[in-house]
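Single-structure report; data block below.
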Amino acid sequence: MNIFRLAGDMTHLFSVLVLLLKIHTIKSCAGISLKTQELYALVFTTRYLDIFTDFISLYNTVMKLIFLGSSFSIVWYIRRHKIVRRSYDKDQDTFRHYFLVIPCLVLAVFINHKFTFKEVMWTFSLYLEAVAILPQLVLLQRTRNIDNLTGQYVFLLGAYRALYILNWIYRHFTEPHYVHWITWIAGVVQTLLYADFFYYYFQSWKNNEKLQLPA
Amino acid sequence: APGGVHKDEL
């Protein structure tokens with residue numbers, strides 16, 4: 001464990017807790033894409049298939065349970081909670097899951113480290129995580145207004161993966177044979193997808209104005 | 001860690 005990875009995990013944890021707390025306290029999911037949340041639940045499910053078979057550390061297991069629990073809770077709130085679901089804007093959140101799931105699945109079948117079910121699922125989860133934010137970014141551009149909690153949520157999500165890239169660089173130099181180019185590429189693609197959001201987020205923060213994404 | 005080093009990451 002290095003400081004970059006710990007900071008990345010804490011940022012990631014903080015982002016899902018911010019979102020869960022927001023939905024739980026104001027009982028609203030305005031501006032939140034259910035599609036992205038469902039994709040994240042799928043990412044964690046396919047990423048953590050080994051949660052009960054390979055024990056790595058208490059930290060690792062606890063964090064996996066928190067990520068699984070929070071992502072499914074958020075999906076439950078938006079789908080089932082009698083008050084929250086009313087604020088879900090299904091007419092705007094129309095990004096089709098399978099446009100992202102199918103290509104990631106096909107890619108994982110052809111490009112992976114080892115052709116086993118768990119390894120293909122793990123690779124699929126990496127590819128899917130890289131693009132899972134797209135429905136959320138599309139929704140933000142459509143609704144054009146970003147309440148700052150949602151803005152912070154997306155910012156933290158992007159920051160976590162950027163910190164992971166630093167972690168991979170650090171491990172590459174400190175650990176022999178630590179080369180996993182699939183993880184690297186998926187992580188860099190994911191962070192680049194946030195780049196334009198980061199730009200507008202930083203501009204709005206610098207000019208102290210409301211965050212507006214160009215249409 | 002099983003399946004290579006990266007499996008110890010979240």
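The values are calculated or read from the model by the stated rules, or taken from the named source; none is laboratory data. Worth saying up front: this structure is predicted, and the values here are computed from it rather than measured. Because the Cβ atoms are built from the backbone with ideal geometry, glycine has one as well, and the counts that use them run over all protein chains shown.
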So A:GLU209 passes all but one of these: (1) within 12 Å of chain B (Cβ to nearest Cβ); (2) exposed (fewer than 13 other Cβ atoms within 10 Å of the Cβ); (3) of a type outside the set (A, V, I, L, M). Which condition number does it fail?
(1)
In region A:1-14, the residues that are away from every other protein chain (no Cβ under 13 Å) and not β-branched (Val, Ile, Thr):
A:PHE14
Of the candidates A:LYS35, A:LYS90, A:LYS82, the one satisfying the condition of being in a loop (DSSP other than H, G, I, E, B), under 21 Å from A:LEU140 (Cα atoms) and of a type in the set (Lys, Arg) is A:LYS90
Output the residue which, of all residues in region A:177-194 that are hydroxyl-bearing (Ser, Thr, Tyr) and within 14 Å of chain B (Cβ to nearest Cβ), is farthest from A:TYR127 (Cα to Cα).
A:TYR178
Considering each residue of region A:8-62, count those that are over 15 Å from A:SER87 (Cβ atoms), surrounded by fewer than 17 Cβ atoms within 10 Å (Cβ to Cβ) and among the polar types (S, T, N, Q), and give that number.
4
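Checking the structure you have, find out if any residue of region A:159-176 is within 14 Å of chain B (Cβ to nearest Cβ), not in a helix (DSSP H, G or I) and not small (Gly, Ala, Ser). Give the steps one after another, and end with the answer.
The first filter runs over region A:159-176 and keeps only residues within 14 Å of chain B (Cβ to nearest Cβ), leaving A:160-161, A:163-176.
Adding the requirement that they be not in a helix (DSSP H, G or I) leaves A:175-176.
Subset that is not small (Gly, Ala, Ser): A:175-176.
Checked region A:159-176: at least one residue is within 14 Å of chain B (Cβ to nearest Cβ), not in a helix (DSSP H, G or I) and not small (Gly, Ala, Ser).
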Output the residue which, of all residues in region A:107-138 that are away from chain B (no Cβ under 14 Å) and part of a loop (DSSP other than H, G, I, E, B), is farthest from A:TYR201 (Cα to Cα).
A:ILE111
Can you find, within region A:38-67, the residue that is farthest from the other protein chains (Cβ to nearest Cβ) among those that are farther than 19 Å from A:GLU119 by Cα and among the aliphatic types (A, V, I, L, M)?
A:LEU58
A:ASP147 fails exactly one of (1) closer than 25 Å to A:VAL189 by Cα; (2) out of contact with any helix residue (DSSP H, G or I) (no Cβ under 8 Å at 6 or more places or on another chain); (3) at pLDDT below 95, namely (1)
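Conditions tested, residue by residue: (1) in contact (Cβ under 8 Å) with a residue 24 or more places away in the chain; (2) among the acidic types (Asp, Glu); (3) buried (at least 18 other Cβ atoms within 10 Å of the Cβ).
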residue: A:PRO135; (1), (2), (3): yes, no, yes
residue: A:ARG142; (1), (2), (3): yes, no, no
residue: A:GLY151; (1), (2), (3): yes, no, yes
residue: A:ALA162; (1), (2), (3): yes, no, yes
residue: A:ILE165; (1), (2), (3): yes, no, no
residue: A:PHE173; (1), (2), (3): no, no, no
residue: A:PRO176; (1), (2), (3): no, no, no
residue: A:ASP196; (1), (2), (3): no, yes, no
residue: A:TYR200; (1), (2), (3): no, no, no
Would you please list the contacts, defined by Cβ atoms under 7 Å and residues six or more apart or on different chains, that run from a residue in region A:69-83 that is closer than 22 Å to A:ARG47 by Cα to a residue that is surrounded by 14 or more Cβ atoms within 10 Å (Cβ to Cβ) and among the acidic types (Asp, Glu)?
A:VAL75/A:GLU38
